[in-house]
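Below is one structure, written out as structure tokens; comments come after it.
The values are calculated or read from the model by the stated rules, or taken from the named source; none is laboratory data. Quick caveat: nothing in here was measured; it's all calculated off a predicted structure. Counting neighbours? That spans all protein chains shown, and the Cβs are built from the backbone with ideal geometry, glycine included. We work out accessible area using only protein heavy atoms, side chains counted, and drop any ligands, DNA or RNA first. Shrake-Rupley method; radii C 1.70, N 1.55, O 1.52, S 1.80 Å.
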Amino acid sequence: IFFSQRMLRLLCFLTAIQAVSSCLERQQRQGETEHLKSQGQSVPLKDGDPLPATLNIVTCTLEELYAGTVKTVSAVVQELDPMGRWAKVRREYQLEVKPGWKKGTRITYEGQGDQVLGQPRRDLCFILDEAPHAVYSRDGN
């Protein structure tokens, strides 16, 4: 089979685009549940994939993590309004941070996250983060 230089360049270009596209798709799927950028976006899932959660970061001081506290936080989720249009809705939540919890602890509200057509509603997760302290730092437990 004879290909002109132009056809060969086009074929190489299309092959490169396909390789980059599949690589980006693979990276996106691997980091979907960890990456906050996915908030408010739906990604088609394959059978058996866990449903990604809607993630929010909650910053606590070292004192709050040590003694425990109740924090009022808001989360924005995407859902269908009564007219059938997508809308972003802000809701307030009371998070009970128990004494001794540490950075990375997840507080999950099942079925309270983003709504996606044809799938069950996602979970809403709040992940605790530790604000830097002027004097002290946490070392383990």
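Of note:
- At R0 = 41 Å, FRET efficiency that the Cβ-Cβ distance of R90 and Q5 yields, to 0.05: 0.10
- Counted over the range 41-130, the DSSP beta bridges are approximately 70% antiparallel.
- Karplus 3J(HN,Hα) series, Hz, for the range 101-108 with 6.51 cos²θ - 1.76 cosθ + 1.60 (x for Gly, Pro): 5, 10, 4, x, 5, 9, 10, 10
- Accessible surface of the range 41-130, 1.4 Å probe, proportion on carbon and sulfur as whole %: 51
- Normalised per residue, the accessible area of the range 41-130 is 61 Å², obtained with a 1.4 Å probe and no contribution from ligands, DNA or RNA.
- Relative contact order, whole percent, for the range 41-130 stands at 35, derived from Cα pairs under 8 Å and 6 or more residues apart.
- A protection proxy built from the mean count of other Cβ atoms within 10 Å ranks the segments 84-92, 65-73, 53-61, most packed first, as 53-61, 65-73, 84-92.
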